Amino acid sequence: MVLVRYSKLLNKGQKEIISHSVFNIPLCKYCHKRNLGNNKTTLRKYSTRVAIRSDLTNNCFICQNFFVETLPSIISQIREHLSDFKEQVPTIDIGTILPFQFYENEDYLRSMFQIRGNMNIKNQINSQIREKIRNTTSCRINHSNPEIRFDITIQNDRTFSIIPRREFYLLGRYRKLKRGISQKNRTKGNHLHLDLYNPKFQVDERSIESFVNKIINQNYKPNSFKISWTGGEDKNSLVMGRGRPFIVKASGCTTLIREKRVFIDDGMEIEFETIDSNDIENIHRYRQLVKVFVLLKGNQDNEQELNQRVKSLVGMVRFGTKKKTVTRNIYESRIIDKRGENMELLFNMDNGIPIKQFIGGNDPIEPALSEVLRLKCECINFDIIECMYSR
Ligand SMILES: [Zn+2]
């Protein structure tokens, strides 16, 4: 409203302006310094002398005294929020949404005094909040990956709201103790659209993904989250031991649950703990102990020969993905049982080797069990006995 008043004054034509021969624009010291520095603070517009006044008997033309009267309350609210963190001080960033009027009034003043290239009001507010927080708390500012981001919205009447949004990472580990549980939901993309019209599509499918969704929504309550798997197994595979790790990246305004929690539901066990973003990188790198049930088709060599050949699989495995050729290692390979055409093998191998392909050798993979045994082999099933984490 202030802007309208001043612009009317200056645009109504010379006649009216003459009657206001001195036109004072009050600015607070912050807006003054940001815009004018040590430069001249008066000019002549038509026959009116326009003068910038730094005294603050009136509200600042640009910020409405935001810097003096509102900013300290914002700082103290953010500090209050941060005081909940006694043990581990989070990294933070802040973002602000200012009333349109702040920009408009600043633009108006700048065009009148032909001011170019100075810092704008938003940058000054942001940097001032950051600086005050940095000086009065032990928080570090992290623009790209903050643990908490404060979204500050300032209204025209200088009332404000602060919403702390937290980006956090959960390390999950799931165990499948019954067969027939998929890792991911089958319905994706377009099928979702179909679901709305056909209740038959809404099969209550038991999957790790649905269970994870339920746990996260009920317990961690983020605004949004995304699951990143570290490889997968068959629907009929068991996953035992410590379970297969995966990452949930979430963002929201909830208080963080730091302790480890375990959730159990009919054959599924999922454990969650919060982790630091720096720990994510190495999580997909682990070894697994895999038990593979193989069907042998064709004439078999004698048992000793078979044993030797299976053991010779220890070493490097090469296979192609969509983008590139990948190499992984096998650390142990042995027969644990053999009855007629059925054979059980145990592998200690890097995560990520496509097991069915490695047994059958139908797609390019080097070596493959079928090749090494010179005998057609088929993977009937495989179970993950343990995921071994070197962390
Ligand atoms: Zn101001």
Cβ-Cβ below 6 Å, separation at least six or inter-chain, first residue in the stretch 257-279 and in contact (Cβ under 8 Å) with a residue 24 or more places away in the chain, second polar (S, T, N, Q): which pairs? Ser277/Asn145
List the strands (runs of 3 or more DSSP E) inside the stretch 263-338, counting only whole elements, that have at least 2 residues being farther than 25 Å from Gln183 by Cβ. 287-297, 315-320
Quick check: anything in the stretch 82-105 β-branched (Val, Ile, Thr), more than 15 Å from the ligand (Cβ to nearest atom), on the phi < 0 side of the Ramachandran plot and surrounded by fewer than 15 Cβ atoms within 10 Å (Cβ to Cβ)? yes
For the list (1) farther than 29 Å from His81 by Cα; (2) among the basic types (Lys, Arg); (3) surrounded by fewer than 14 Cβ atoms within 10 Å (Cβ to Cβ), I need the number of the one condition that Arg110 fails. (3)
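Being farther than 24 Å from Ile121 by Cβ and either in contact with a Phe, Trp or Tyr (Cβ under 8 Å, 6 or more places away or on another chain) or within 16 Å of the ligand (Cβ to nearest atom) (or both) narrows it down to one residue among Arg53, Arg44, Arg49; which is it? Spell out how you get there, then give the answer.
Numbers: Arg53 fails: farther than 24 Å from Ile121 by Cβ; Arg44 fails: either in contact with a Phe, Trp or Tyr (Cβ under 8 Å, 6 or more places away or on another chain) or within 16 Å of the ligand (Cβ to nearest atom) (or both).
Of Arg53, Arg44, Arg49, the one residue that is farther than 24 Å from Ile121 by Cβ and either in contact with a Phe, Trp or Tyr (Cβ under 8 Å, 6 or more places away or on another chain) or within 16 Å of the ligand (Cβ to nearest atom) (or both) is Arg49.
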Spot the failing condition for Val314; the list is (1) at pLDDT below 95; (2) over 17 Å from Gly231 (Cβ atoms), and only one is missed. (1)
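Answer yes or no as to whether Gly13 is surrounded by fewer than 13 Cβ atoms within 10 Å (Cβ to Cβ) and at pLDDT 80 or above. Steps first, please.
On the way: surrounded by fewer than 13 Cβ atoms within 10 Å (Cβ to Cβ): yes; at pLDDT 80 or above: no.
So Gly13 does not fit the description; no.
Residue check: is Val68 in the same structural domain as Ile141 (by TED's automatic domain parsing) and in contact with a Ser or Thr (Cβ under 7 Å, 6 or more places away or on another chain)? Spell out how you get there, then give the answer.
Details: in the same structural domain as Ile141 (by TED's automatic domain parsing): yes; in contact with a Ser or Thr (Cβ under 7 Å, 6 or more places away or on another chain): no.
Spelling it out, it is not the case that Val68 is in the same structural domain as Ile141 (by TED's automatic domain parsing) and in contact with a Ser or Thr (Cβ under 7 Å, 6 or more places away or on another chain).
Taking Arg158, is it assigned to a strand (DSSP E or B) and at pLDDT 85 or above?
On the way: assigned to a strand (DSSP E or B): no; at pLDDT 85 or above: yes.
No.
The values are calculated or read from the model by the stated rules, or taken from the named source; none is laboratory data. What you see is a predicted model; the values in this text were computed from it and never measured. Cβ sites come from the backbone with ideal geometry, for glycine too, and all protein chains shown count toward neighbours.
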